[in-house]
Each structure stands twice: as C-alpha cells, then as structure tokens.
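S.K.: Sharing a structure with you now.
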Amino acid sequence: MTQIQGLSQEEVRLRRAKGQGNNIQLKTGRSYLDILRQNVFTFINNVLFSIGIALIILKRPGDAIVSVAVVFLNTIVGVIQESRSKQKLDRISLLTRPKVTIIREGKKEIVDPSEVVLGDIIQAQAGDQIVVDGSIVDDGKVDVDESLLTGESDLIPKKQGDRLLSGSVVISGSACYEAEKVGLESFANKLTATAKAYRQVITPLQQEINLVIRLLLMLVSYMWILIAIYSVIQSVDLVESVKMAAIIGGLIPNGLFLMLTTTYAIGAVRMSRTGALVQQMNAIESLSNVNILCLDKTGTLTANRLALNNIYPIDISEESLREQIGIYAASTKAGNRTNEAIANDCPQSAKTVAEEIPFSSDRKWSALAFNLPDYQGIYVLGAPEMLQEKVSLNTEWQERIKDLTDCGLRVLVFAYHKDIQPLYNTAGKPQLPTTLQPIGLISIRDELREQAAETLHGFRQAGLDIKIISGDNPNTVAALAKQAGFEPNIMAISGQELAQMDNEQFAITAEKTTIFGRITPQQKEQLVAALRSRGNYVAMIGDGVNDVMSLKKANLGIAMQSGSAATRNVADMVLLNDSFAALLPAVQEGQKIINGIQDVLKLFLTRILYVSLLINSTNFIGVDFPVSVKQNSLLLMLTVGIPPLGMITWARSGLASRGLIRSVMHFVIPAAITILIVTKIVYLVYWNYKDIAIAQTALNITAVLCGLLLISFVEPPIKAFVGGDAFSGDWRPSILAFFMLVIYVFILATPELRNFFELVALQPKDYLIITGLVTTWAFSLRFIWRQRLFDRLLGIDLQVPHQ
C-alpha cells in the first residue's frame, strides 16, 4: 500500500479557518462564581443571614455579628479550599488529556486532540482512545472496546473501511483512520464534556452526614414552630424571639458538611505531594474504606521493563531460532514490551506480512502469516497454556516450562505452521491452524519495582488484603510475589481453573486466593465484582488497557501515569511518579480523614442533642430560655469550633469503622443524655435561687467543661479516659482542650469580655460546686460506656473499645 501522506499544512490552515477543527473549548469544572454561590447561598446560610438582618433591624448588631460569624468563616474557608481544588482538578484534567498521533505531509506528529482537523489521518494503537469519528484507511486491523458507547465490553474487530467511533478504545492492533466528524459533531467531545466536567459526587459518608443534617433541619423547624407559638402565647418580646430563633438555628451543624469537603480538598493536596493525584473527590473516602487492594503485576509489582532472559530451540539451531523470532518481532505492527525485548536481543529486518492477528490480553497470543518466496508460513507466539491444544510439547519441555515459571520468569512458546491459510474466519474471528509445530521457548524476565516489598508490607500493616492479578503464569507471578515479601505458602490459581467454577465457588476462591494468573480482562472484572459482592471495598491498580474494565468495576480505580490513556481516563486517581509506593501514604491519609471526621461528628452530635433537649425541656417546665446568642456562640467556638480543626489534622490512620451512624451512637447518646442531666440540674438550681444571668452563666460553665472533657474521651491520652472510644495515647487534642479552657478562664476573668458574652462572675464556691458536678459526671459517663448500658438498651452491637 502507498505510504499515507495526510494533509498538508496549508490544507490544515484552510480547514481550521473554516471552523472544521476539533478545538472546542470544554468546561472542565465549576467557575469561581459557581463556587462562591454554592458556598454562600445554602439553605441554612440564608436562614441565619435572615436572622442576622432581623437582629440588626432590632438594633442588636452584636448578636447579629456573633450569630453569622461562623457562617462567614466557613464560607471563606470553603471558597478558598474549593478554588484551590478547582485549580488542581483543572491541571489534572489537562495532564490526563490523551494525545493523538497524526500523519501530515508523510510525517507523524503527536498533538493534542484539539489540533485535529477534518480529513486528518490519525494513527491508533493499542491503548489509544479514538478521539474523533472516522474510518480506517489502511490495511491495519484493530480490536476496539466500545463499552463507553454501548455498555457491552465485547471486543469488536475493525478493518479497512470500518468506522471507528470516538469514545471507543483500541485494545489491540494498529490502524490509520481519517477524521470524518470533529468538534461538536464528534461523540468524543460530548463524552469528554460529560466525563471531565465537575460533578458533585455524594459519597457514603456524605450521604450519612446529609441525612443527619436533614433530620436536624426537621427538628429545628419543629422547634422554630414551638418558639413562635410560645412567643405569641407568652407575649415574648420580638427581639428575644429572634434571638431564640438564632440559637435554635445554630443547632444545625452547617459547618460540618463544609468541613468534610474542605478536609477532602486538603487531603487531595497532601496526596498530590506524594505523587497521587485525585480525579474524583470520593477517591479520598474510598481510600479510607478499602480493605482489598488488587494489583496488576505488570507496571505495579514490576517496573514494566522486560528483557529477554534466554531462548530454548526445539529441533532447530539456536541461530535459526534467533533469526526467526527476531524477524517476527521486527515485522509485527502491534508492538508491545515483549516484542521490544525480543527485538533488542535478536535484531532483524522486518518482512512483509500477509496477515496478522495482533496480541491481546484476552487471547494471550499473536500470529503472523508470511507469503514470500523465501519466507513462508504462519508463526505464533503466545502463552503455553493458551496454545496447548494446538502445540504438542513432551514431558521434558513441560517440566522446563514449570522450572522457568517457578523462578519467576515469563515463558512463551514459538510455533510454526508451514502452510498458508486465512487467520480470520468468515465471521471475522481469529483462527489458527489445527496443529502447530513448536520451534522454541522464550523466557522473559521482569524487574521487580524498588521498595515493592516495603510497600506491600505497609499495605498489610494498614489492614489491606493484597490480591495480585496477572495475565502471566500463576507460578511466575507467585515467584515474584515471594521475592516481594509474600508468605511462601500463598495460594495461586489460574484463569482456566476459575473458568470451571460456578459463581459461588468463584466468589469464595476470589476471597481466599492471593495470586491469580492467566487471567483475561473479563476475569479481572469478574474477580473485582466477586470480591465486592462479598461485602469488600475493593481498589484496583492497573496501567494497561486490559485493566480498564476492572478499574471501572472497582470501588476505587487507580492508574499509572505512564499507562494507557484509557486507564488514566477511567481512574479515580493517577499515580504520577508511576510507583504504587506513593499510594501507601495516600491510603493512610484517607484513613486519617475518615477517622478525624468521625471524631468530630461525635462532638457535633453530642452538643446538638443535649442542647436541643435542654431547650425543649426548659420550655416545657416553664423556665426562662437557658442560653443567649453570645453564650451559645462561645460554647460553639470552644467545644466544636476550634478543636475539630486540630482533631482532623492529628487523626490516626487505620481502617475506619463501618456504618458511621451506628459507630458514633455508642459515644453520642450516653454523652448527650448525661450532659443534659447535669446541665439541667445546674440550671434549675441556680434559676430557683439566683437571677437568670447567674443561672445562664452556671449552665455555660458546666457545658463548656463537659464539652472540653469530651475531647479527651474522643481521643483518650491515657487509659483512664477510655470508654467511649479506643485508646489513642495522643496528648495533642487534650492539650488543645486545655488551651481552650485557659481562654475560657481568661474570658471569665476579664470584665469586658465577660460582659460581651453576657456572663457574670460567680462566687468561688460556685466554681467548686460546678467542677465537682462535672467530675462526677465524667466518672459516671465512663462507667456507662464501659458497661455498655445504653448500647444494650438500644441494641447497638458494637465492640467495647480496648481498655
């Protein structure tokens, strides 16, 4: 076939001038205006802003400022962090944008898809995504995955004249196609606009927090109605009614969801420093939940560098075998690393190929047909297991193959058939001659990645079960795994054995086995699905196009930067330094985030529950409203305002508890009920014998002390504090709580600050009484936790934290 010339530069210029280019600007995320609007104009923000405006109208600017200060602070932090996230995601989007190879004036150029114009000739190889619609114009053949278009993962063979649809992925082979639809007419641009545009992913953790906030909104709305009725019946002053509404509105933890989003953004930035770039925000939460990590051996466990180890001629000379395998590697159009390793060691000139079946990870073999006067026949190179029905090897050679694979080498059989016959049947499916004559074995060695053993050990220490899934012989993979530190007795199984199992056997085997060899892309996908079906949270790491389907099936898909464009496009995370060692700190970072959020949520929910019950119960018995706007803001700042920032920063790694709500109930319900009792007692005692200002101050002091002690119960620095949560030994949260106490004492001791927050000075004996009550409360609460009294009452089936 005549060499393809493609368009000239002048033709390209004219077509681009006519608007026939592919340079459509696609939105890759929210605008800064979108970020500002979505952070400012939330439902609860609008409510609190309205209350603040009402307070200003009623000439209470101090209360107005205090009531909305937290909203403004959270909004500012959210806008800044999400703007940084947008910048990072935009850079990631540009980084992972696929490149295309075009032919112009007979020369190949690698360009951005936006440089393509109508009529351009584009070369597509294994792993490339088809970026514009077109038809194959040369004699190349490709197998494409059109699952992004049809949802079906079957490979579709394409040859000269067949159409390639943008959005599909080349799995094997090589061909040139002409761009027939570009710009908005191309499906690829529509697909890219959908795939790359920002989408607000609601993760399981966010869903549970969303549920909590919605329930609290219902509770607050109910309480607002009660306050309105109470104000009308009791003829409460309008200013006091608005202040009570502001306090009740503060029960909604509007900063909690924003804190979660902000924490995810901070985590994404931290992960990028280790070389792990997050493409989907839910990847951070996924990391914290992963308990099974699946690795594709090539490119992850190994360095993706192959070298020819040795050749073993069968009934021919070594010189002849080297010549023939060298010609084979030089002549194939569908290059891969195996062929490159052979070509480097056995250099030969390419010969004209009559027909070719390119290698695919599904078949695990490739074939070339030559019909030249001096070189004729069909040559096949592939895995011995996949060719055993066509190639007959005696016991000696079978033992040789086993010995080589046990040493961690990849073994291929090279076979020959002297007669020329079609390599494709009438349906276009690949076919081989009935029998093939073996002429040699080839052993290929993989290079183990640096720090592979150390990284895998770190994964196991983090609580992850490792599965290695490969297209190579299971014995070869097991040998490499043992070199990387796996136990000598690890279980290994082949894809052929898995194919004989029913679904139940398959799922059980998937969970128990560590090494999976001779696995097809469909089986990879099936393995991930089987592991998920048994309640596991699965992450899959891959770099080749054969990993695309399994990455999409996993809870978390992770790709290598140097891998195929297809894997990077579907992955939730990309490892920029091409080392899965960078993933270990990312896993630990994700676990820290989720554990930190759970700790913070315990504090938030405890405060919300006891304050709402306190307000309702005091109104029910007809006493004055227990808190003011400023007092409530002070309590909020000291107990659940500043401390959570430190707790998230210092959170521990380790697998997070499953089921957020159930895991925090063990802590929240006993804490909230007991704080309600002690604060209610203090308030009623002082309300009966003193004026309202003293009663509110005594209540505020009690609530602050209880709230600060809760921080030490959430992160117990010593085992004496263990009861509601597991022992951490971390003193930092408790030290932070102590500093909050120092600030509070300073406020109480400073008349100007004390008056601003509407507090009054108490007698020394009052401080001693309150301190004694809080100490008694702390010991009582610890006893309730350790005896699981509320757990048994509510039927919460949780293990008692280790004492």
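The values are calculated or read from the model by the stated rules, or taken from the named source; none is laboratory data. Not measured: the values here are computed from a predicted model. Quick reminder, even Gly has a Cβ in these numbers, built from the backbone with ideal geometry, and neighbours come from all protein chains shown. Protein only, heavy atoms only, side chains kept; ligands, DNA and RNA dropped before computing areas. Shrake-Rupley method; radii C 1.70, N 1.55, O 1.52, S 1.80 Å.
S.K.: For the ranges 315-326, 698-709, what's the packing order if you count other beta-carbon atoms within 10 Å of each residue, average per peptide, and put the highest first?
M.R.: Most protected by this proxy first, the peptides run 698-709, 315-326.
S.K.: Sticking with this one: Could you compute the FRET efficiency for I56 and N616, with r as their C-beta to C-beta distance and R0 at 22 Å, rounded to 0.05? Write out the running numbers ahead of the final one.
M.R.: Numbers: r = 28 Å, r/R0 = 1.28.
The value I calculate is 0.20.
S.K.: Round to the nearest 10 and report in Å² the accessible area of I669, as given by a 1.4 Å probe over the protein chains' heavy atoms.
M.R.: 30
S.K.: In addition: Testing the spin-label approximation: label points 7 Å from Cα along Cα→Cβ at I508 and Q763. State their distance in nm.
M.R.: So the two model labels end up 7.5 nm from each other.
S.K.: Between S533 and E396, 0.36 nm times their residue separation minus their Cα-Cα distance comes to what?
M.R.: 45.1 nm
S.K.: Of the peptides 642-651, 524-533, how do they stack up when ordered by the mean number of other Cβ atoms within 10 Å, highest first? Display every interim value, and only then the final one.
M.R.: Values: 642-651: 20.1, 524-533: 21.8.
The packing order, highest mean first, is 524-533, 642-651.
S.K.: Right, another one. Can you pull the Rg over Rh of the range 395-446, Cα-only, Kirkwood?
M.R.: Reported Rg/Rh, Kirkwood definition of Rh: 1.12.
S.K.: Straight distance only, please: which aspartates and glutamates reach the Cα of K719 with their own Cα at less than 17 Å, same-chain residues fewer than 8 apart left out?
M.R.: Qualifying aspartates and glutamates at Cα under 17 Å: D730.
S.K.: For Q160 and M491 in the same chain, what is the full-extension length gain: residue separation times 0.36 nm, less their Cα-Cα distance, in nm?
M.R.: Stretched out fully, the Q160 to M491 stretch lengthens by 114.6 nm.
S.K.: Of the listed peptides 131-141, 473-483, what is their order by residue-averaged count of other C-beta atoms within 10 Å, with the highest listed first?
M.R.: Working: 131-141: 21.4, 473-483: 23.3.
Peptide ranking by packing, descending: 473-483, 131-141.
S.K.: Moving to a separate point now. So what does M244 come to for accessible area, using a 1.4 Å probe and Å² rounded to 10?
M.R.: Accessible area of M244: about 10 Å².
S.K.: Using R₀ = 41 Å, calculate the FRET efficiency as 1/(1 + (r/R₀)^6) where r is the Cβ-Cβ separation of R460 and I673; round to 0.05.
M.R.: Given R0 = 41 Å and the Cβ-Cβ separation, E is 0.50.
S.K.: Here's something else I'd like to know. Could you rank H457, H666, H417 by how accessible they are, 1.4 Å probe, largest area first? Display every interim value, and only then the final one.
M.R.: Working: H457 95, H666 10, H417 35 Å².
Greatest to least solvent exposure: H457, H417, H666.
S.K.: Assuming R0 = 30 Å, can you tell me the calculated FRET efficiency for the pair M501 and D406, based on Cβ-Cβ distance, to the nearest 0.05?
M.R.: With R0 = 30 Å, the Cβ-Cβ based efficiency is 0.75.
S.K.: On to the next question. Zone of S8 (label point 7 Å along Cα→Cβ, backbone N under 19 Å): which residues in the range 107-121?
M.R.: Taking a point 7 Å out along Cα→Cβ of S8, the residues of the range 107-121 whose backbone N falls under 19 Å are 107-109, 117-121.
S.K.: Something else now. Would you mind checking the pairs K141/K181; K297/K390; K108/K524 and listing those with alpha carbons more than 24 angstrom apart?
M.R.: Values: K141/K181 21 Å; K297/K390 27 Å; K108/K524 35 Å.
Too far apart for the 24 Å limit: K297/K390; K108/K524.
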